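Every read-out reported here was derived from the displayed coordinates using simple, explicitly stated rules and does not represent laboratory data. Since this is a predicted model, take the numbers as computed values, not measurements. Cβ placement follows ideal geometry from the backbone for every residue including glycine, while neighbour counts extend to all protein chains displayed.
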2 protein chains.
Amino acid sequence: MIFILKTIKPEIRILAIDDGPFEFKRKGKDILIGVIFRGGEFIDGVLKEEIEIDGNDAEEKIIKMTNETKHKGQLRVLMLDGITFAGFNIVNIKNISEKTKLPVIVINRKKPNFDYFLKALAKINKYEKGMECVKAAGDVYLTKVKPLKDKRYGKVFYQFYGCTNDIAEKIIKLSSTRAFIPEPVRVAHLIATGIVLGESLGRA
Amino acid sequence: MIFILKTIKPEIRILAIDDGPFEFKRKGKDILIGVIFRGGEFIDGVLKEEIEIDGNDAEEKIIKMTNETKHKGQLRVLMLDGITFAGFNIVNIKNISEKTKLPVIVINRKKPNFDYFLKALAKINKYEKGMECVKAAGDVYLTKVKPLKDKRYGKVFYQFYGCTNDIAEKIIKLSSTRAFIPEPVRVAHLIATGIVLGESLGRA
């Protein structure tokens, strides 16, 4: 299902979602932070949910967070920082897109290595779900972004569902205002790490 | 002690601090969120501490948060959302300024009513500390701010310690980019309410 975005305004409302850092192999809960941004400009709202480390509830919690926010009517696109949260709590972006009626763009800081990833999932009996989610996210594309006050370009790897590649690329470019990554994703990461660790990690 | 700010750049690093919402009379901990901003433009970092509801540790935690962040060397000014946090956990901005070597600006959304405030503090045996903190924060000033894309002006009430009124007013005006309140304070409030309640409250 493709959701037609007639025009892409500089202030297009984006909900970006990232997870908190967690110690590897730790059990329990992790946080999911959602940040509602106007393009790459400024924050309209902050959302929080909890998910199980290595669990199976990230997909459902992302759908819930998106559909229940008071900003839902204004939202035009979702951005996820990868397709796994809190370890191997993996999500199917086709399901998320269809249940929220919004296109979903996945931002990858590095080129994802799916072989390595699926092997790791196989060890915890999640190979099948992993393969389903990797297929749903589709091919990995590459684009270049240039922050407003930067002369250099940086690479962003991405996947998407529910829109055309042209639209996904335009939204990534217009929202990468401060660093080599869309600003909503950068800020979701700063908040999620700051809340869990007491001080945020990195600029991006 | 006055800290001379030779020039005020549009990207002056501001640390703004706000507390989470909490249910009145509840006991226990509340969160303190710090947001490091470049002027009124964008976020550089997010900090978190915990304080006691109606306790006496907000002042010391604000000093700790400010002095221990990796951004300390870049910080030029602190902004506090009022002089009380987590109920009646009240702070002396002269102490905070002297122990962090930074000017402190207090942002008040409404004109503070100190008589009412001191009466409430008297009921919990904090009149003396309250009076000390009210005196340290000094007179309440009023300025008008205009967000970048707004034609209207809005009022901001403020107090300060460690700089001149001229400097405090300039910093408030330049950082009020998105609403009738400095952007770092607006965002600290969105994060603190979003984290505690699951969804942030208000635009400011």
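Per the Kirkwood definition applied to all pairs of different Cα atoms, how many angstroms is the hydrodynamic radius of segment A:77-141?
Computed over segment A:77-141, the radius equals 12.2 Å.
I'd like to verify something in chain A: which complete DSSP H helices, judged by Cα projection on the helix axis, reach 20 Å or more and average at least -1.0 on the Kyte-Doolittle scale?
A:183-197
How long is the gain from A:K110 to A:E132 if the chain were fully straight, where each residue apart is worth 0.36 nm and the alpha carbon distance is subtracted?
Length gained between A:K110 and A:E132: 5.8 nm.
Could you work out which residue, out of B:K61, B:K126, B:K70, moves most in a Gaussian network model of chain B, that is, has the largest mean-square fluctuation with Cα springs under 10 Å?
Greatest mean-square fluctuation among the candidates belongs to B:K70.
Can you compute the charge dipole magnitude of segment A:13-197 about its Cα centre, using +1 on each Lys and Arg Cβ and -1 on each Asp and Glu Cβ, nothing else charged? Give it in debye, rounded to the nearest 20.
I would put it at about 640 debye.
Tell me the Kirkwood radius of chain A: reciprocal of the mean inverse pair distance over distinct alpha-carbon atoms, in Å.
Mean inverse Cα-Cα distance, inverted, gives 16.8 Å.
Take A:L197 and A:E50, extend 7 Å from each Cα along the Cα→Cβ direction, and tell me the distance between the two endpoints in nm.
2.3 nm
How much mean residue ellipticity at 222 nm does the protein assembly as shown get from its helices, if each DSSP H run of length 4 or more adds -39500 (n - 2.57) and you divide by all residues, to the nearest 500 deg cm²/dmol?
Only helices count here, giving -10000 deg cm²/dmol.
Name the residues whose placed amide hydrogens come within less than 5 Å of the amide hydrogen of A:F160, ignoring near sequence neighbours (fewer than 5 apart) on the same chain.
The list, which skips near neighbours in sequence, is A:V106.
Pulled fully out, how much extra length does the chain show between B:A122 and B:K29, if you take 0.36 nm times their separation in residues and subtract their Cα-Cα distance?
Separation in residues times 0.36 nm, less the Cα-Cα distance, equals 31.3 nm.
Within 10 Å of each Cβ in peptide A:186-198, how many partner chain Cβ atoms are there on average? Round it to a whole number, please.
Per residue, the number of nearby Cβ atoms from other chains is 5 on average.
I'd like to know which of A:Y141, B:L201, A:V187 lies farthest towards the positive end of the charge dipole of the protein assembly as shown, counting +1 on Cβ of Lys and Arg and -1 on Cβ of Asp and Glu.
So the residue we want is A:Y141.
To the nearest whole percent, what portion of all C-alpha pairs in segment A:95-204 is separated by more than 18 angstrom?
59 percent
Under the definition of Cα pairs under 8 Å and six or more residues apart, what whole-number percent is the relative contact order of chain B?
Once normalised by length, the contact order is 24 percent.
Computed over the Cα atoms of the protein assembly as shown, what is the convex hull's projected area averaged over all directions, in nm²?
That works out to 20.3 nm².
In a GNM of chain A with a 10 Å cut-off on Cα contacts, which of A:P112, A:P184, A:P147 has the highest mean-square fluctuation?
Ranking A:P112, A:P184, A:P147 by mean-square fluctuation puts A:P112 first.
Where the label is 7 Å out from Cα toward Cβ, how close does B:N165 come to the same position in every other copy, in nm, shortest first?
From this label point to the equivalent ones elsewhere in the assembly: 6.2 nm.
So how far, in whole Å, is the C-alpha centre of segment B:1-50 from the one of segment A:92-141?
Here the two parts' Cα centres lie 37 Å apart.
Inter-copy label distances at A:K149, 7 Å along the Cα→beta-carbon direction, one decimal in nm, shortest first?
2.0
Quick check: residue separation of A:K99 and A:K149 times 0.36 nm, minus the Cα distance between them. What number comes out in nm?
Going from the current span to full extension adds 14.3 nm.
Could you check how many percent of all C-alpha pairs in segment A:1-113 are farther apart than 23 Å?
The answer is 26 percent, as a whole percent.
Given springs between every Cα pair under 10 Å in a Gaussian network model of chain B, which of B:L174, B:L15, B:L121 has the largest fluctuation?
Between B:L174, B:L15, B:L121, it is B:L121 that shows the largest mean-square fluctuation.
Can you compute the modelled spin-label distance between A:Q74 and B:T7, with each label point 7 Å from Cα toward Cβ, in nm?
That separation, rounded to one decimal, is 3.5 nm.
Can you sort A:D57, B:D115 so the residue with the fewest Cβ neighbours within 10 Å comes first?
B:D115, A:D57
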